[in-house]
1. Using the Karplus curve 6.51 cos²θ - 1.76 cosθ + 1.60 with θ = phi - 60°, work out ³J(HN,Hα) for each residue of segment 55-64 in order, rounded to whole Hz, and write x for Gly and Pro.
2. In segment 371-394, whose amide N lies under 11 Å from the spot 7 Å out along Cα-to-Cβ of Q216? List them in ranges.
3. Grab the DSSP H runs of the chain that are 4 residues or longer, score each as -39,500 (n - 2.57), total them, divide by all residues and round the 222 nm result to the nearest 500 deg cm²/dmol.
4. If packing is taken as the average number of other Cβ atoms within 10 Å across a peptide's residues, how do 20-27, 246-253, 68-75 rank, most packed first?
5. Taking amide hydrogens as modeled 1.01 Å from N in the peptide plane, which residues meet the under 5 Å criterion relative to G333, leaving out close sequence neighbours?
6. Using label points projected 7 Å from each Cα along Cα→Cβ, tell me how many nm separate A87 and E46, to one decimal.
7. Where the centroid of each part is defined by its Cα atoms, how far is segment 248-267 from segment 184-214 in Å?
8. For P334, what is the net charge nearby, where nearby means another residue's Cβ is under 10 Å from its Cβ and Lys, Arg count +1, Asp, Glu -1?
Amino acid sequence: MQINPYHNALEQLEHVASLLRPLYTKREAAFEQALQRLRRPDHFYETTLEIAMDNGSIRRFTAYRVQHNNVRGPYKGGIRYHPGVTADEVRALATWMTWKCAVMDIPYGGGKGGVVVDPRTLSENELRRLSRAYGRFLADKIGPWVDVPAPDVNTNAQIMAWMMDAVQEEYDRTGRNVENPFALFTGKPVALGGSPGRDEATGLGGIDVLERWRKQFTNIERSGLPIAVQGFGNAGSWFARHAHQRGYKVVAVSDSQGGIYTPAGLDPFAVLDCKQQTGSVVNYQPGAVERISNEQLLELPVAIIAPAALENVITSSNAANIQARLILELANGPVTPKADMILFDRGITAIPDVLANAGGVTVSYFEWVQNIQAYRWTRKTVRKRLEALVNRAFDEMWHIHVDRSIHCRMAAYYSAVRRVIDAMLLRGGFED
Ligand code: GLU
């Protein structure tokens with residue numbers, strides 16, 4: 001049976017609410033009202049995009065934008081292109097963005113967008129038309145102080161550039177003034193206001209988290225520590241390359257077509273070349289590496305697994321088979337709430353998505369700040385500031401995890417959801 005990610009997001013919210021409730025005994029009614037608002041996104045938009053195909057036919061694509069909460073700042077979150085996108089998936093991803101920005105304490109709320117499409121079936125021109133149509137759909141819903149979209153699964157800097165231009169064109173057509181078109185999207189090409197280091201940010205933030213985790217234990221050397229990475233898109237491939245460069249041993253990687261494994265270790269740079277040339281990591285050095293499935297990859301005898309693809313890959317059906325000591329969630333929502341409990345009982349640490357992959361939105365925040373100030377930072381500055389924010393958020397989460405004996409997701413949510421609720425109560429929209 002298909003697991004609904006939005007049900008997971010709501011279950012997680014109820015769990016953290018039960019931990020936070022005792023802190024709000026003096027403002028019980030206001031707390032419950034704030035919580036009620038968080039159970040539903042502020043806005044849900046759905047449309048059908050009509051696109052002219054290269055052969056002259058018309059195809060229709062369902063598209064969404066969900067704005068979950070903006071009490072701490074503009075809605076923020078990526079746009080996903082995937083055939084499996086659903087309304088509830090986008091709702092869940094938007095909710096998780098609210099927590100992610102609060103975990104990192106960056107001044108944003110949460111949002112997410114998605115288009116039901118397999119972009120591999122489109123030509124470059126069709127992809128551009130679709131992206132520009134989606135940009136026109138967004139035009140009256142976003143703005144630098146309203147909602148700032150970015151890339152997610154199967155979208156990239158080029159797609160952001162097309163969307164930005166389409167929004168600006170729509171503003172010109174309707175006579176609306178746009179003060180700063182560059183601050184409308186993040187994850188743009190560097191030549192169009194993108195930030196140095198945004199491309200690698202999700203993977204690099206994952207490395208910063210991993211290094212911080214390792215420092216909690218004096219006996220874990222990074223050198224040769226085996227890692228399996230599920231998914232070789234932007235997050236997974238940058239993470240694998242940085243891990244390799246730092247001396248970790250990347251022994252398995254995968255993409256939607258399957259995985260490869262060798263205990264001797266892979267060279268992620270060469271694997272990426274292979275993927276770019278042949279379309280998949282599975283074509284890498286046939287014979288020299290073992291072909292495995294995405295499911296098998298998660299159960300390998302490694303120290304660390306980094307799910308970097310889609311939701312719900314570690315569930316109550318396979319949580320008991322995980323051999324890794326650490327799960328680093330580079331994807332959003334890869335571990336279900338039931339699996340969280342099983343892993344916690346087994347002493348396996350799962351560093352949650354809202355921290356492990358927050359490097360992406362954090363450098364998006366840096367990009368937006370640079371766009372607003374019209375001042376470009378260096379890659380070195382971006383990396384240093386990213387590491388500082390990751391370390392702060394990690395230490396906060398780890399402290400709560402140890403202190404209250406709760407799993408890391410709830411520890412991260414504990415301060416994040418509290419920050420959001422406190423912001424709502426300070427605004428004063430609720431009666432006691
Ligand atoms: N899509 C990324 C995420 O899930 C980045 C979002 C952003 O940069 O706004 O965190």
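The values are calculated or read from the model by the stated rules, or taken from the named source; none is laboratory data. Remember, it's a predicted structure, so these values are computed and weren't measured experimentally. So basically every Cβ, Gly included, is an ideal-geometry build from the backbone, and we count neighbours across all protein chains shown. Accessible surface areas use protein heavy atoms only, side chains included; no ligands, DNA or RNA. Shrake-Rupley method; radii C 1.70, N 1.55, O 1.52, S 1.80 Å.
1. The phi angles translate into 8, x, 7, 10, 10, 10, 10, 7, 9, 9 Hz.
2. 394, by backbone N distance to the label point.
3. Working: 14 runs with 193 residues, N = 432.
That calculation yields -14500 deg cm²/dmol at 222 nm.
4. Values: 20-27: 12.5, 246-253: 21.5, 68-75: 23.4.
Order by mean packing, descending: 68-75, 246-253, 20-27.
5. Under 5 Å from the amide H of G333 lie the amide H atoms of D353, each far enough along the sequence or on another chain.
6. 0.3 nm
7. 23 Å
8. Working: positive: none; negative: E311, E329, D353.
The answer is -3.
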